[in-house]
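For reference, the structure is listed below as structure tokens.
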Amino acid sequence: MTHKSYRLSWTMARMLIVAVCLLALASSSWGAGKPAPGFTLKDVLQGKEYSLSQFKGKVVMINFFTFFCGPCRDEMPDLNKINNELKGKGLVTLGIALSSDPTQIRFLVKQLGLEYPVLIGTDKVSEDYGSISVVPTTVIIDKQGNVAQRIEGTRKKEVFQKMVEPLL
């Protein structure tokens, strides 16, 4: 390979890296500032229906996950802690299981001791929230019902707290 073609290849590689980073940033800001899409879904444990509209005036953290997602399972205990610490200040945490068997999700909820509602998701709710293709994906909704953040991939408890607390 000549020096000129090596330099051209390196330049193209850098451009590709920048493009991937820009796409990642664009997806994380999906819907920011826009009204969160409404939904009504059933709780996996009791079959109780939950609608996003019933939480108007509260900060809502929605965590999309699947049963077979290891990183999702790792993140859920932190979400449970945040929920327990901040629910008295106006935080509502909801889990939405996508493409998962309800029996397996019930087992997971009990195994992890999750105290926030875990709902059975649909293709429509996934599409409405930007076609969830990466799990976990967490969407934080402000008190006015607008999307404040969309986070793809796992985060630690402290990171979520820094995003949520200013909205409370």
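Some notes on this structure:
- Inter-label distance for ASN146 and ALA32, nm, one decimal - labels placed 7 Å from Cα along Cα-to-Cβ: 1.2
- Along region 136-152 the Karplus relation, 6.51 cos²θ - 1.76 cosθ + 1.60 evaluated at θ = phi - 60°, assigns HN-Hα couplings of x, 10, 10, 10, 10, 10, 7, 5, 7, x, 9, 5, 9, 8, 10, 10, 9 Hz to successive residues, with x for each Gly and Pro.
- Only protein atoms count toward the accessible area here, which uses a 1.4 Å probe; on region 52-142, the carbon and sulfur part of that area reaches 52 percent.
- Length added when fully stretched, LEU112-GLU165, from 0.36 nm per residue minus Cα-Cα: 16.7 nm
- Pair GLN46, SER131: separation of 7 Å Cα→Cβ label points (nm): 3.7
- Sequence of GLU75, GLU165 from largest to smallest accessible area, 1.4 Å probe: GLU165, GLU75
- DSSP bridge pairs, region 28-162: antiparallel proportion in percent, nearest 5: 60
- Measuring only protein heavy atoms, the 1.4 Å probe finds ILE140 accessible over about 0 Å².
The values are calculated or read from the model by the stated rules, or taken from the named source; none is laboratory data. This one's a predicted model, so the numbers in the text were calculated from it and none came from an experiment. Neighbour counts are summed over all protein chains in view; Cβ atoms, including those assigned to glycine, are modelled from backbone coordinates with ideal geometry. What goes into the accessible areas is simple: the full protein's heavy atoms, side chains included, and nothing from ligands, DNA or RNA. Shrake-Rupley method; radii C 1.70, N 1.55, O 1.52, S 1.80 Å.
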